[in-house]
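Accompanying notes for the structure given below.
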Amino acid sequence: MRQLLEIEDLRVEFAGKGPPFAAVSEVSLKLDRGRTLGLVGESGSGKTVTSLAVMRLIPSPPGRVAAGRIWFDQRDLVPLSDKEFSGIRGKEMSMVFQEPMTSLNPVFTTGDQVAEVYRIHLKLGKKEAFERAIGMLEKVGIPDPVRRAREYPHQMSGGMRQRVLIAIALACRPKLLIADEPTTALDVTVQAQILNLMEQLRDEMGTALLLITHDLGVVAESADDVAVMYAGRIVEQAACLPLFEAPWHPYTAGLLHSRPVLGKRGDGRHLDAIPGTVPDPKHLPPGCSFEPRCPRRKKMCAEQMPPLEEKSTGRQARCWVPP
Amino acid sequence: MEQQPLLSVRDLVKHFPVRGGFWQRPVGWVHAVDGVDFDLAPGKTLSLVGETGCGKSTTGRVVLRLIEPSAGQIRFLGEDLLALGKEQLRLARRQMQIIFQDPYSSLNPRMSVLATVGEPLLLHAIVPKRDIEGAVIELLARVGLKAEDRFRYPHEFSGGQRQRVGIARALALRPKLIVADEPVSSLDVSIQAQVVNLMLDLQQEFGLAYLFISHDLSLVERISDSVAVMYLGRIVETAPAAELYARPRHPYTEALLAAVPVPDPARRGQKRVLLGGDVPSPITPPPGCPFHPRCPIRGDGCDREFPDQREAGPGHTYRCHYR
């Protein structure tokens, strides 16, 4: 029996001038019901592309899933037709995006936008769908939901809009919720509210949560397992606690140390920066993609890409040189 | 003896009109900055922190008179900045510069780096025209860019490099004060640390004072001498950085600090103190203490009177009736 979501050797390519390049390659992930997997990386690391591939939202052309399988609830999604897929997306798996300002339709009321999910996927009538929408808005903590359901997105704050998006995503009690930087655009006090809400709903509905973020603090607070991506590949994967306690991969360690931590002032004011920049996905170095920035690099690192292998129980890393 | 402050701000107010109706007359006022006081000593860093709409960015712009204040006093190097005429203000601006948040929109896409960084030198006729190129090369070296980069245009650079160009430009006139408005928040984590370190190096080398505007409380703790917490246009607490983080007095400061996600899963059990609700609209700020509708310890009088300033220690002041 497979876990709820199993991605095997996913490769996503984009066409452009010149030969197509891979934005994501050799990505394998597993996520089970009621669990949270944190997918961490910087811009261009491929974390969003991975999630869009699962949701079949990669703009095509130029993009395409070039290889790999995506097992969801015991079946492979990749060969499904678009029609078959539309019964899954929004019903059994759904997504919350970063931008609460642009992800809602400005000309429909929030209640209508939640009700649309019930009308499409559960074939409910207009009135009944709206009633259920009000119930869902209440569930995500919107005060006075009867009135708020008749309001338009511009009448709401960012935090409220993000709650509406979560209501839309969870309306059909999906088995999988993908949240792509769900709190990045929000203020810190509102971010805490939204994180709590997502955890609470996950526990209540048994939804699996794929949490995509660049913020290690957010991951530490809510994920069970963590996968760190760099230049389109997973470089480390482990349970949350061991990953933070003793990162194996030098990039994970670098990310952890480059952020100041509240309450730890340290000796000086300077931060432990990772030198250099993320490589261009069209011109990746021949060996390990992190080699040019790596403090642990050896000669072989520039020659050969290390495989993602088990370093200890439950921990995989893609690195030749032990810490 | 107390050092004379470089920048001294008293009772600063900025209200923006909200226009409406056929004649576009003001129908209301946005209370963006509502009576702000602070001092900044030469070579030091004062951080303004707070959530979206608290008025921290407006404060930074008003201080440079990029926006004219509605009322108040700004003294820079002992001089009354608001009394200066156009030409005197132009001269004073040599001493004070700004770095913006978004390195994508704050550089002119049609100007090469040489033109961008050289422009202030040219306008203020600091160096003879034939020496400008040399001065630019020197500035670029200071911020970690190559001499060849002077012929390149903004789109050829990554976000971190663009921010370096912005810093080089701000530095060109050898200012004493730099207002840094969220200078690293649009950058990736590993690049943030590089730019912060650069700013710290330049501060030491040139004796710069920073008015650092940020919502990133972990970063602010690390790099500031003192911190002012803003809420709805008012400073609710000011203290030396270490003191503020160790002994916050105002309930809003406490809530902000508690909401910051900490990258340590072992501390997950300590649940965040949740602040309910959203920041109210600055068009109709609540009467009395602006924080009272969300405050966990509000009591009698909070909705009527804005609290007077109280002292908690040297340089540590706050405004709360019940602390």
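The values are calculated or read from the model by the stated rules, or taken from the named source; none is laboratory data. These figures come from a predicted structure and were not determined experimentally. FYI the Cβ positions are ideal-geometry reconstructions off the backbone, even for glycines, and counts take in every protein chain you see.
Criterion first (farther than 30 Å from A:GLN200 by Cβ and surrounded by fewer than 20 Cβ atoms within 10 Å (Cβ to Cβ)) does B:GLU243 satisfy it?
Spelling it out, B:GLU243 is indeed farther than 30 Å from A:GLN200 by Cβ and surrounded by fewer than 20 Cβ atoms within 10 Å (Cβ to Cβ).
Kindly establish whether A:GLU42 is touching a residue at least 24 places away in the same chain (Cβ under 8 Å), of a type outside the set (Phe, Trp, Tyr) and within 24 Å of A:ARG315 (Cβ to Cβ).
yes
Give me the strands (runs of 3 or more DSSP E) completely within the stretch B:202-270, filtered to those with at least 2 residues that are touching a Phe, Trp or Tyr at 6+ places or on another chain (Cβ under 7 Å) and away from chain A (no Cβ under 11 Å), ordered by residue number.
In the stretch B:202-270, B:226-231, B:234-240 are the strands (runs of 3 or more DSSP E) which contain 2 or more residues that are touching a Phe, Trp or Tyr at 6+ places or on another chain (Cβ under 7 Å) and away from chain A (no Cβ under 11 Å).
Out of the stretch A:20-68, which residues are closer than 29 Å to A:PRO242 by Cβ and touching a Phe, Trp or Tyr at 6+ places or on another chain (Cβ under 7 Å)?
Those that are closer than 29 Å to A:PRO242 by Cβ and touching a Phe, Trp or Tyr at 6+ places or on another chain (Cβ under 7 Å): A:ALA23, A:GLY41, A:SER45.
When A:ARG147 is evaluated against the numbered criteria (1) under 21 Å from A:GLU204 (Cα atoms); (2) modelled with pLDDT of 90 or more; (3) not β-branched (Val, Ile, Thr), which criterion, by number, is the only one it fails?
So A:ARG147 meets the others, but not (1).
Restricting to the stretch B:276-300, what's the tally of residues that are surrounded by fewer than 18 Cβ atoms within 10 Å (Cβ to Cβ), modelled with pLDDT of 90 or more and farther than 11 Å from B:LEU232 by Cβ?
6
Could you tell me how many of the residues in the stretch B:134-168 are over 23 Å from B:VAL189 (Cα atoms) and surrounded by 16 or more Cβ atoms within 10 Å (Cβ to Cβ)?
7
Considering only the stretch A:267-313, how many residues are part of a loop (DSSP other than H, G, I, E, B) and more than 8 Å from every other protein chain (Cβ to nearest Cβ)?
Number of matching residues: 27.
When you scan the stretch A:218-231, do you find a residue that is over 29 Å from B:LEU145 (Cα atoms) and free of Cβ contacts under 8 Å to residues at least 12 places away in the same chain, even just one?
No, there is no match, as no residue in the stretch A:218-231 is over 29 Å from B:LEU145 (Cα atoms) and free of Cβ contacts under 8 Å to residues at least 12 places away in the same chain.
Considering only residues of the stretch A:270-312 that are among the polar types (S, T, N, Q) and modelled with pLDDT of 90 or more, which is farthest from the chain's Cα centre (by Cα)?
In this case the residue turns out to be A:GLN304.
At the interface with another protein chain (Cβ under 9 Å from one of its Cβ atoms) and either surrounded by 22 or more Cβ atoms within 10 Å (Cβ to Cβ) or in a helix (DSSP H, G or I) (or both), is that true of A:ALA179? Don't jump to the end; show me each part of the working.
Values: at the interface with another protein chain (Cβ under 9 Å from one of its Cβ atoms): no; either surrounded by 22 or more Cβ atoms within 10 Å (Cβ to Cβ) or in a helix (DSSP H, G or I) (or both): yes.
For A:ALA179, the condition - at the interface with another protein chain (Cβ under 9 Å from one of its Cβ atoms) and either surrounded by 22 or more Cβ atoms within 10 Å (Cβ to Cβ) or in a helix (DSSP H, G or I) (or both) - is not met.
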